[in-house]
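These notes concern the structure reproduced below.
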Amino acid sequence: MSLQDFETEGRRLGILRILSRRTQYTTNEYSLNDELKGAYAHHVSRDRLHGDLAWLEEQDLVICQQPRAGWVITLTTRGHDVAQGLAQVPGVAKPRPGDA
């Protein structure tokens, strides 16, 4: 696995885990990107974040809505299972034992 693939899979897992901790499993793209930077050290452009979100939506892990002010992202049940390590999706890192 290349470093880029490793980072991408980890970032996607980070997105799912952030959403799994949110009230109603929903957040906006700005808050999500801030937490990716702060908690997971993933500094990505808005385009890259949108690409990850679109990919996660294609896998039925999130639902993205795009009102005028920015994207709103909601975790699906399948996405929650992946974030918790109960299901696996190629392209998303698996949580390590003991990760909260």
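Calculate the translational D of the range 1-65 in whole µm² s⁻¹ from Stokes-Einstein, where the hydrodynamic radius comes from the Kirkwood formula applied to all Cα pairs, the temperature is 10 °C and the viscosity 1.306 mPa s.
133
Determine, for each peptide in 80-86, 35-41, 64-70, 9-15, the mean count of other beta carbons within 10 angstrom over its residues, then list the peptides with the highest first.
Highest mean packing first, the order is 9-15, 80-86, 35-41, 64-70.
A short reminder: the numbers here are calculations on the coordinates, not readings from a lab. Only a predicted model underlies this, so the values are computations on that prediction, with no experimental measurement involved. Here Cβ is always computed from backbone atoms with ideal geometry, including for glycine, and neighbour counts include all displayed protein chains.
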